[in-house]
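Data block below; observations after.
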């Protein structure tokens, strides 16, 4: 499903304005004062709101965590008599119940075949984009290649002190990690600039591309 630019901008506006309003309410409980502001607590609040919006954007799918179970990996280990590699814990499995059943579920923890997912959206409060992109590549190559497209495995970094500095080197110079028009990496979206006083400024180009990618690659 592809949205036009106006529709994406409306979604971005709803996201940024809702978070601004809710942060204002949080300020009544946590004053913006060096002696009282717990920036980690504020960040956790923004992260939880981000997860809520991502869940709403993926429609009838579910954003869960747990493990992907690769039948081919099991078969290869059985045939060779070798030990299966350690399973990866994945934070952000986009499970589509219309595609097939879970193997097991306990709360929001699942074990599922990669054939029944629409992608992976890992959300981290803070992380180096290169580190997160490398992890996503590992997840994709080990479990998902052939099940969903390369860009459907993506990362979200809620906040950074300097989002503009978090760029990757390409043959054309520096480019933001959320740009994937020449995809040689998994997209990573840095959504907010976190200021020293505990305030968060939206990084709208990254938020715009995140919404666009979800509707064009996950909800397709």
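The values are calculated or read from the model by the stated rules, or taken from the named source; none is laboratory data. Remember, predicted model here, so these are calculated numbers, not experimental data. Cβ placement follows ideal geometry from the backbone for every residue including glycine, while neighbour counts extend to all protein chains displayed.
A few comments on the model shown:
- Just one of (1) loosely packed, with under 15 Cβ neighbours inside 10 Å; (2) touching a strand residue (DSSP E or B) at 6+ places or on another chain (Cβ under 9 Å); (3) over 30 Å from residue 204 (Cβ atoms) fails for residue 110. It is (1).
- Hey, residue 135 outside any loop (DSSP other than H, G, I, E, B) and modelled with pLDDT under 80 or not: no
- Residue 169 being in a strand (DSSP E or B), buried (at least 23 other Cβ atoms within 10 Å of the Cβ) and modelled with pLDDT under 90: no
- Among the residues making up the range 176-195, those that are at pLDDT 75 or above and surrounded by fewer than 20 Cβ atoms within 10 Å (Cβ to Cβ) are 179, 193, 195.
- Subset of the range 9-27 that is surrounded by 14 or more Cβ atoms within 10 Å (Cβ to Cβ) and farther than 13 Å from residue 46 by Cβ - its residue that is farthest from the chain's Cα centre (by Cα): 9
- Whichever residue in the range 113-132 is over 13 Å from the mean Cα position of the chain (by Cα) and in a helix (DSSP H, G or I) and, among such residues, is surrounded by the fewest Cβ atoms within 10 Å (Cβ to Cβ): 131
- The residue of the range 63-79 that is modelled with the lowest pLDDT, among those that are outside any strand (DSSP E or B) and within 20 Å of residue 96 (Cβ to Cβ), is 71.
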